[in-house]
């Protein structure tokens, strides 16, 4: 049992409460950014990426609330599944939500949520099912979310502001050196910040993990730089997951965390 103030017999009840708190927390990220975008203080390009940067980290921090029971990972996965359904509903015109469209689309077209935003939510579902951190303490999900959210989000923001006109990429993608540096910095910092937060519960050797996290961040930067348009959510997440598995197999002293945590 990791955290359950109601007692072992009511673990599933507490997990349902944790799930509700998680939903509210992620919704707040979206709604706050929607209000900021509507006020005109930030452009849709920035608010879209701010949601991208903070949604997954806020969600994964709420995992610490779960009891660690056999049901915990699947109840946690319900949260991004609900957002997947919501994005499909909004994108197909069956559901209206101005804050979501304002926060997560560049053009204001609801159908845009069926692309990168939907992929992002699906990846969070898969990561939750396969790498739910409680009660094992395995930080693989923290690294995946650190690169997916912090890295890819900062890459876009920094690239747009400081990238200039010199761009590179394949398949029509437009990357910049500044954006790639943002990817590296964001992946490294967000992965470490999430691991530092989890160190409240698990005694991670943060100093000893600096080099592995830096290596993973460099790999994430390379993957993102070589990815065609609209696929970086997939390629970064899958690529980092594969590298995490290889690191454990080839050098468990370098990365001592098993590839999967699924029960």
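Since every read-out is calculated from the coordinates, none of them should be taken as a lab result. Note that this is a predicted model, so its numbers are computed, not measured. Please note: Cβ atoms are built from the backbone with ideal geometry, for glycine as well, and neighbour counts cover all protein chains shown.
Ranked by how many other Cβ atoms sit within 10 Å of their own Cβ, fewest first, the residues 162, 66 fall in the order 162, 66. Only helices enter this figure: runs of n ≥ 4 DSSP H residues, each worth -39500 (n - 2.57), summed and divided by the residues of the chain, yield -21000 deg cm²/dmol at 222 nm to the nearest 500.
Efficiency by 1/(1 + (r/R0)^6): what FRET value for residue 126 and residue 165, r their Cβ-Cβ distance, R0 = 35 Å, to the nearest 0.05? Rounded to the nearest 0.05, the efficiency is 0.40. FRET efficiency for the pair residue 106 and residue 218, taken as 1/(1 + (r/R0)^6) with r the Cβ-Cβ distance and R0 = 35 Å, rounds to 0.75. Look at 248, 100 and count the other Cβ atoms within 10 Å of each Cβ; fewest to most, that gives 248, 100. The Rg/Rh ratio for region 98-242, using Cα coordinates for both the radius of gyration and the Kirkwood hydrodynamic radius, is 0.99. Residues 28, 104, 221 in ascending order of nearby Cβ atoms (within 10 Å, fewest first): 28, 221, 104. Taking label points 7 Å from Cα along the Cα-to-Cβ direction, residue 193 and residue 260 give a separation of 3.2 nm. Considering region 1-133, its Cα convex hull presents a mean projected area of 7.8 nm². Label separation (residue 10 vs residue 96): 4.1 nm, computed from points 7 Å beyond Cα along the C-beta direction. Each 10 Å bin from 0 upward holds the following percent of the Cα-Cα pairs of the chain: 7, 30, 35, 22, 5, 0, 0.
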